[in-house]
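To start, the structure under review is shown below, and the notes come after it.
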Amino acid sequence: MKRVELYQKVRRAVMIDGMSRRGAARYFGINRKTVDKMLVFPEPPQHGRFGRSFSGKLTGFTEIIDKILADDRAVHTKQRHTAVRIFERLRDEHGFTGGITIVRDYVATTRLRSREVFIPLSHKPGHAQVDFGEADGIIDGKLTRFHYFCMDLPHSDAPFVKAYPAEVAEAFCEGHVAAFAFFGGIPLSILYDNTKLAVAQILGDGKRERSRMFSTLQSHYLFEDKFGRPGKGNDKGKVEGLVGYSRRHFMVPMPVADSIDAMNVRFLDQCVARRQAVLRGHSQSIGERLAADLAAFMALPAVAFDPCHMVTGRASSMSLVRYRTNDYSVPTAYAHQEVVIKGYVDRVEVICRGERIAVHQRSYEREDFIANPLHYLALLEHKPRALDQAAPLDDWVLAEPMHRIRRLMEARSGKEGRREYIQVLRLCERFEQPLVEWAVARALDIGAISFDAVKMIALARLEHRPPRLDLQFYPHLPRAQVGRTDPRSYMGLLSQNGASTSTGALA
């Protein structure tokens with residue numbers, strides 16, 4: 001390629017000074033055809049080839065290359081043809097005699113033409129985009145992979161980020177509820193990808209069948225849903241950018257927190273602080289532009305959506321209900337009964353005949369066993385021999401006085417002593433466990449080794465009174481009727497005592 005200075009000299013020599021083209025070629029030491037090009041163009045052509053020009057040796061082979069590249073669109077990205085592999089196939093399968101360079105140039109040009117081109121978009125106030133991301137953090141001292149829900153308002157770029165243990169439907173819906181509460185309103189529409197959390201099925205005509213839980217959420221808040229093209233994340237580029245931004249800024253360095261709730265408090269503070277930023281191309285901050293979004297939002301309903309996955313089930317003969325492969329306990333009185341199971345992000349609730357009978361922290365393991373030992377104590381009182389083999393009690397941590405009072409009760413009364421110890425354990429159904437443990441320790445200190453004594457001491461502590469026996473709490477004890485004492489009876493006793501003493505002296 002010739003420099004611009006050479007172009008200027010050649011063009012001036014021919015066009016101004018009258019030098020012939022052949023003479024200019026001899027004088028400047030260039031080809032005659034090059035002189036012709038210089039007279040047509042005032043400067044050297046830019047780098048790269050233009051149009052569809054390619055070597056004549058590729059004639060008849062370009063259709064084969066185009067078909068290979070088209071077929072590659074349906075193949076895993078890591079198993080697509082490279083230019084070298086296409087050259088090898090042309091050579092070995094189709095008798096191509098050209099070099100690899102012309103094949104590589106043609107493949108690069110074809111791929112460049114096939115790259116998608118985008119249109120800059122403007123975003124009206126009152127709309128949102130939603131997506132999930134994932135990252136690692138140190139939660140409660142353990143390295144944990146968590147998922148985070150992101151809602152972005154494209155007009156103002158205002159963010160909302162909240163972390164969850166897993167990317168499940170309950171977290172998806174709870175994220176909406178939390179975001180609406182955070183912004184103080186409901187967007188007119190929300191754009192999603194085709195996540196299965198919202199879309200149960202894409203039908204043949206392109207219409208989408210919503211999941212039941214998402215449809216209920218949408219019916220509650222009445223926002224319009226929109227969906228991007230399958231596999232086209234750029235359709236919701238704003239929230240895609242928020243997913244990356246929050247990972248790079250909120251989660252670097254790796255967040256450390258005692259719990260997910262504590263980490264979410266930090267994320268919300270960072271979302272609020274983000275409103276002070278003035279982004280490129282804008283003269284107002286995110287917070288100032290947010291006012292237009294909030295003005296366009298719909299008002300929140302009087303009652304928030306209950307973001308839970310609800311299923312029906314039956315408590316088994318071992319007082320267990322199964323939810324998402326895991327078994328959760330219920331009180332033994334509800335065994336064999338129909339129940340409703342409500343799965344939230346952080347807990348599982350069990351309902352029977354409109355009454356909440358059990359609440360457990362949710363487990364995201366598989367085939368896990370989550371039991372409350374209090375659910376089985378009523379049955380153990382009737383089957384005391386199963387006390388040491390009861391699986392729900394295996395992980396129950398009790399203070400040392402609890403084990404000591406059991407040894408004393410069983411040493412004194414055997415099987416009945418074990419039953420009485422279970423009655424002491426059942427006090428945890430009515431009182432906090434630390435209070436029961438304190439009452440047991442106090443009873444041991446005063447030598448009152450009985451269920452009644454422990455119960456009386458616990459009640460006295462709650463009522464802020466000294467422990468004393470109150471018969472109203474013990475209706476099974478007989479009540480004695482004691483009459484009023486006559487002082488003359490006491491004087492008679494004294495006179496009788498004096499007469500007895502005199503008689504003894506005379507004897």
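The values are calculated or read from the model by the stated rules, or taken from the named source; none is laboratory data. Just so you know, these numbers come straight off a predicted model, no measurement behind them. In this analysis, Cβ positions are derived from the backbone assuming ideal geometry, glycine residues included, and neighbour counts consider all displayed protein chains. Remember, those area values only see protein heavy atoms, side chains included, never the ligands or the DNA or RNA. Shrake-Rupley method; radii C 1.70, N 1.55, O 1.52, S 1.80 Å.
Quick notes
- Restricting R404, R430, R426 to residues that are exposed (fewer than 15 other Cβ atoms within 10 Å of the Cβ) and within 25 Å of Y334 (Cα to Cα) narrows the list to R430.
- On the stretch given as the stretch 156-190, residues that are outside any strand (DSSP E or B) and farther than 28 Å from S283 by Cβ total 16.
- Residues of the stretch 362-401 satisfying the condition of being among the aliphatic types (A, V, I, L, M), open to solvent by less than 50 Å² (accessible area, probe 1.4 Å) and not in a helix (DSSP H, G or I): I370, A371, A390, L398, A399
- The stretch 260-300, subset closer than 19 Å to S246 by Cβ and in a loop (DSSP other than H, G, I, E, B), residue most open to solvent (accessible area, probe 1.4 Å): R280
- Of all residues in the stretch 75-119, those satisfying the criterion of being over 15 Å from L58 (Cα atoms) and among the basic types (K, R) are K78, R80, R85, R111, R113, R115.
- Cβ separations smaller than 9 Å between residues 6+ apart or across chains give the following pairs from the stretch 293-318 residues that are closer than 17 Å to F223 by Cα to residues that are β-branched (V, I, T) and open to solvent by 40 Å² or more (accessible area, probe 1.4 Å): F305/T216.
- Residue within the stretch 218-233 that is open to solvent by less than 40 Å² (accessible area, probe 1.4 Å) and under 17 Å from the mean Cα position of the chain (by Cα) present: no
- In the stretch 402-448, of all residues being part of a helix (DSSP H, G or I) and among the aromatic types (F, W, Y), the one that is nearest to the chain's Cα centre (by Cα) corresponds to W438.
- Test: residue in the stretch 77-100 that is surrounded by 10 or more Cβ atoms within 10 Å (Cβ to Cβ), more than 30 Å from M254 (Cα to Cα) and in contact (Cβ under 8 Å) with a residue 60 or more places away in the chain: no
- The single residue among V359, V303, V311, V339 that is out of contact with any helix residue (DSSP H, G or I) (no Cβ under 6 Å at 6 or more places or on another chain), assigned to a strand (DSSP E or B) and over 23 Å from P165 (Cβ atoms) turns out to be V339.
- Per the conditions (1) more than 13 Å from the chain's Cα centre (by Cα); (2) of a type outside the set (F, W, Y); (3) open to solvent by 10 Å² or more (accessible area, probe 1.4 Å), the sole criterion not satisfied by D136 is (1).
- Comparison of R104, R115 shows that the only residue that is touching a Phe, Trp or Tyr at 6+ places or on another chain (Cβ under 8 Å), basic (K, R), without any contact (Cβ under 8 Å) to a residue 40 or more places away in the chain and open to solvent by 20 Å² or more (accessible area, probe 1.4 Å) is R104.
- Qualifying residue in the stretch 411-434 (condition: farther than 30 Å from Y164 by Cβ and aromatic (F, W, Y)): yes
- Selected residue (criterion: farthest from D131 (Cα to Cα)) from residues of the stretch 167-191 that are open to solvent by 10 Å² or more (accessible area, probe 1.4 Å) and more than 14 Å from the chain's Cα centre (by Cα): G184
- Taken together, Y344, Y376, Y364 contain a single residue that is touching a residue at least 12 places away in the same chain (Cβ under 8 Å) and either in contact with a strand residue (DSSP E or B) (Cβ under 7 Å, 6 or more places away or on another chain) or over 29 Å from A179 (Cα atoms) (or both), which is Y376.
- Residue that is most open to solvent (accessible area, probe 1.4 Å), among those in the stretch 192-202 that are more than 11 Å from G228 (Cα to Cα) and assigned to a loop (DSSP other than H, G, I, E, B): K196
- In the stretch 139-166, of all residues being within 17 Å of F250 (Cα to Cα) and of a type in the set (S, T, Y), the one that is most open to solvent (accessible area, probe 1.4 Å) corresponds to T144.
- Out of R347, R356, sole residue that is open to solvent by 30 Å² or more (accessible area, probe 1.4 Å), charged (D, E, K, R) and over 22 Å from the mean Cα position of the chain (by Cα): R356
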